[in-house]
Structure formats: structure tokens, C-alpha cells
Amino acid sequence: MSVPGLMIAAPASGTGKTTVMLGLLRALSARGLVVQPFKSGPDYIDPAFHRAACGRASFNLDSWAMTGGLLDTIAGEAAGADLVLAEGSMGLYDGVAQPGATGNGASADIARRMGWPVVLVIDVSGQAQSAAAIALGFKLLDPTVPLAGVILNRVASPRHERLVRRGLEAVGIAVLGALPRRGDLTLPERHLGLVQAIEHPALDAAIADYAAFLRDHADLDAICAAAAQKRAHTPDRSLLPAPPAQRIAIARDAAFSFVYPHVLEGWRRGGAEILPFSPLANQAPDATADMVWLPGGYPELHAGPIAAATTFLGGLRHHAETRPVHGECGGYMVLGAALIDKDGAAHRMAGLLGLVTSHAQRRMHLGYRLAELVAPVGALAAGTRLRGHEFHYSTVVEQTDAPLAYVTDADGAAVAETGSRRGRVTGSYFHMIATAQ
């Protein structure tokens, strides 16, 4: 399978690459193309926006956490598509200092491995010909990462566009689009990134506006013609994450939504049955489930309703008497005794772990994690090594249970957030991406 692709990247965060990505996905899909989206790096939110834009599931590709075989397997999800569009994270070359499974987590790693030329989205506000120096630097830094061209964003006027184009023409870099400054083409954000796709009040209309904007101000034919692929990818779906149980009840709603799509795909392909339920709708997990999994999300925004969801909490406690329960990040907080919201109010949670967490004094915890389990998590045995990611603003106020794992960061330094275990209940701030070799 070989599908040509492009990496939509930028020199830094906040340049508008998500707007460009969503606009291109919708505009090219409207042309009749089947477009396969991907997201570089450990992002839980953007893939849902990608799916809303083009109707096709989006998957994460992460060079720090994933082996080459797993990357190729996930890239194989493009089978049947006409074109791949991958959205980068942060700046194109931004990653951690120490390499992981196949790289340092930079979007450039993915573009290089897959052979996807880069479309660089440059915010040209406050500059003109100097934008050429930025683009030229990205072109020359690593010749193995091909630069297809640039899309100029936040162009102030026709004169401004002419000046920027003149600089780029002088260094031989193609301009694939020039987007005028538009203050209304933004997506709402909160502390972990964009407001989730399922919460956006008029998402389809917003994406339609982005598509019209790209059609009017970008050369879609030139963008499609620039796509390329280095080699065909042979999927080995046995490399996807194995299911931790046969029948998995998984919380899925606005409070519990941070699950990497390739993880669920691996569980399904491994023969597991996924049984979704909604704690916010006060639903108990399926009584026949072998395991309950509470993903991350935004329980701190729904702490009151969760505390009042007696059917959910009762069902969770009943399940934990005989079968495993695991929580990741937000799910971990819900398994604890209490969650303190940003206003300092304490909300009683499931009480299955001796954990109290607080958002009253926010502090960002962010980075790749390597964890070695000291106790099983469902079918994941003690001693299993996992690569993943941590991103939250809550603080542990109290933690009375035994640690779940020995955890280090990308540099090998020990991390204090080890997770917790009590009986059949386990949890951690750590979001699993893949097993470590």
C-alpha cells in the first residue's frame, strides 16, 4: 500500500496549522478525494476534529513511543485513501533531548520516515521578506525532510503578501497559499488544548468556513501535486496494543474521552469487545464486563455531576469487588477519594483508591513517560514496560496506596507520579501509547 501524503507543520505552536489542516481535509474531501488524517505526537483532541472534517478516523504517530513496525502498521490505516494529511505538533523539529523507540518525538521524524513532504504554515504577522529566512532555514536544516512549500497565514494586506512572496521567490520556495488575517477563524481552547470536538456548538459550520477559506486562498491543485510517499507500508497488526481484557467497559463522554485511536483499534483487533458507557449520564459499567477502563478527560469540569452519579459510582465499586478497574489521568482522579476543583470545593469520588487530587493550585505536568508495572493492569502483567505521555494540571494532595509503576521521563529521571494500586483497582496519570521493547 502506497498513498502519497503531506505533513502540515509549522515553526511553532499557535501559527494556525490546525485551521489549515481542517480546512484542507474538508475542501479536498468535497472534491471527492478520500483523505486519511494522522496526528504527529501524543495529542488526544485533534484526531476527533480530523474525523469531523473528513469522515475518516485519524490516528496518532509518535516516534518516541512507537517502534518503526508500529508506525508502519498505523500508517497502513491509509489503505484505500487517495491522499494522506498529517498534522504536526509544536514546531516541526521540536522533540525531547533523548531519542525513544525511533526518534525524539518531533514531527520531522514522521515526515522523514514516511517520505511526506512538509507544508510549512508560517505566521507572517509582523514581518515581510524575513519570512523567507525562516522558510529557508527549515528547508536547509535537514535535507532528508523535504519542504513542499509554505502557506502564509495572517497576511495583513495585498501589499504585505507581495513583499512576503518576493522574499520567498528569491530563495526558490513555493507559496502554496496566502491566508488573510481573520480573527473569527479560531477554535475555543481550554487548559489542555482545544475544546473537544463533541463540545463545539457549531463544529461542522466552522469547518465548512475553514474549507471555503482554503479554497479561496490556497492552491489546492499544487498542494495535492506536492504529496509523496517514500515506500509502501506493510501493516503488522499484532504490533498494536494488546487488550487488557476480553470484554472492556470503557467510559466515553465529555468527561472521559482521551483514548488514543490506535489503542482501541488494537484492542478490537485483539478480539476484545468494547462496551462504552457514560458516567455523566449516570450509567453503570456493563455488569458482564471483565474490566472497567476510565480514560482521561475533563472530570474536573464535571466533578459535581460525577459525585452525584450514584448508579455509576455504585456500579464501579461493585465491579471492583471481583474484577479489575483501571483509570488513566482523569479516570485515575475519579477512582480516588476526592477531587478538589479550581474553586477549592472538594467532591467525593469513587473512593477505590486513597487519592485526593486538586485543581485549586494548578501546575502543568507534561512529558513522555516510560513506566514499568510493578503490579498487573488487567492482562498487562507486572514487569511490562510501557511508553506513554503525561499531561495534566492537577496536583496530588494525598496518596496512601502502593505505587503502580516505576516511572521515568524521556531523560531517564524518576517521576514522582507513580500511580496507585489497591486490590484489583489501579490508576496513574500515565497515558499508555505502546509497549516498550
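Among the numbered conditions (1) assigned to a helix (DSSP H, G or I); (2) touching an Asp or Glu at 6+ places or on another chain (Cβ under 7 Å); (3) open to solvent by less than 10 Å² (accessible area, probe 1.4 Å); (4) within 21 Å of Met432 (Cβ to Cβ), the only one that Met21 does not meet is (4).
If the condition is being touching a His at 6+ places or on another chain (Cβ under 8 Å) and among the β-branched types (Val, Ile, Thr), then segment 57-102 contributes Thr73, Ile74. Going by the conditions given, is Ala289 more than 30 Å from Gly41 (Cβ to Cβ), touching a strand residue (DSSP E or B) at 6+ places or on another chain (Cβ under 6 Å) and not in a loop (DSSP other than H, G, I, E, B)? No. Checked against (1) surrounded by fewer than 22 Cβ atoms within 10 Å (Cβ to Cβ); (2) in a loop (DSSP other than H, G, I, E, B), Ser63 meets all criteria but (1). Has segment 49-59 got at least one residue that is within 22 Å of Leu120 (Cα to Cα), under 10 Å from the mean Cα position of the chain (by Cα) and surrounded by fewer than 24 Cβ atoms within 10 Å (Cβ to Cβ)? Looking through segment 49-59, at least one residue is within 22 Å of Leu120 (Cα to Cα), under 10 Å from the mean Cα position of the chain (by Cα) and surrounded by fewer than 24 Cβ atoms within 10 Å (Cβ to Cβ). If you filter segment 306-340 down to residues that are of a type in the set (Ser, Thr, Tyr) and in contact (Cβ under 8 Å) with a residue 40 or more places away in the chain, you find that the one that is nearest to His431 (Cα to Cα) is Tyr332. Selection of segment 124-167 for residues being open to solvent by less than 40 Å² (accessible area, probe 1.4 Å), farther than 23 Å from Ser107 by Cα and within 34 Å of the chain's Cα centre (by Cα) yields Ala128, Val155, Val164. Inside segment 42-56, residues that are modelled with pLDDT of 95 or more and part of a loop (DSSP other than H, G, I, E, B) make up a count of 2. Considering only residues that are open to solvent by less than 40 Å² (accessible area, probe 1.4 Å) and of a type in the set (D, E, K, R), look in segment 74-122 and name the one that is nearest to Tyr44 (Cα to Cα). Filtering segment 74-122 for residues that are open to solvent by less than 40 Å² (accessible area, probe 1.4 Å) and of a type in the set (D, E, K, R), the one nearest to Tyr44 (Cα to Cα) comes out as Glu87. For segment 383-437, give me the residue count where each residue is among the charged types (D, E, K, R), within 23 Å of Lys342 (Cα to Cα) and either free of Cβ contacts under 8 Å to residues at least 60 places away in the same chain or open to solvent by less than 60 Å² (accessible area, probe 1.4 Å) (or both). Within segment 383-437, residues that are among the charged types (D, E, K, R), within 23 Å of Lys342 (Cα to Cα) and either free of Cβ contacts under 8 Å to residues at least 60 places away in the same chain or open to solvent by less than 60 Å² (accessible area, probe 1.4 Å) (or both) number 2.
All conditions but one from (1) open to solvent by 10 Å² or more (accessible area, probe 1.4 Å); (2) in a helix (DSSP H, G or I) apply to Leu28; the one that does not is (1).
Do you know which of the residues in segment 308-326 that are open to solvent by 40 Å² or more (accessible area, probe 1.4 Å) and either assigned to a helix (DSSP H, G or I) or at pLDDT below 95 (or both) is nearest to Leu353 (Cα to Cα)? Among them, the one singled out is Arg317.
The condition (being within 19 Å of Gly304 (Cα to Cα) and either surrounded by 23 or more Cβ atoms within 10 Å (Cβ to Cβ) or modelled with pLDDT under 95 (or both)) is satisfied by just one residue among Val334, Val377: Val334. Among the residues of segment 396-411, those that are over 28 Å from Asn104 (Cβ atoms) and either polar (S, T, N, Q) or not in a loop (DSSP other than H, G, I, E, B) (or both) comprise Val396, Val397, Glu398, Gln399, Thr400, Ala402. Here is a check on your reading of the model: is Ala289 touching a Leu at 6+ places or on another chain (Cβ under 7 Å) and either more than 22 Å from Phe430 (Cα to Cα) or not charged (D, E, K, R) (or both)? Criteria met by Ala289. Within segment 340-369, the set of residues being closer than 18 Å to Leu280 by Cα and either assigned to a loop (DSSP other than H, G, I, E, B) or at pLDDT below 95 (or both) comprises Asp341, Met349, Ala350, Gly351. Thr288 fulfils the conditions (1) under 21 Å from the mean Cα position of the chain (by Cα); (2) modelled with pLDDT of 95 or more except for a single criterion, (1). Taking the criterion of being of a type in the set (A, V, I, L, M) and open to solvent by less than 10 Å² (accessible area, probe 1.4 Å), the only residue of segment 31-44 that qualifies is Val35.
Annotation: of all residues in segment 1-14 being assigned to a loop (DSSP other than H, G, I, E, B) and either modelled with pLDDT of 95 or more or open to solvent by 10 Å² or more (accessible area, probe 1.4 Å) (or both), the one that is farthest from Tyr93 (Cα to Cα) is Met1.
The values are calculated or read from the model by the stated rules, or taken from the named source; none is laboratory data. Because the structure is a prediction, the values reported are computed rather than measured. For neighbour counting, all protein chains shown are included, and Cβ atoms are generated from backbone atoms with ideal geometry for every residue, glycine included. Side chains included, ligands, DNA and RNA excluded: accessible areas come from the protein's heavy atoms. Shrake-Rupley method; radii C 1.70, N 1.55, O 1.52, S 1.80 Å.
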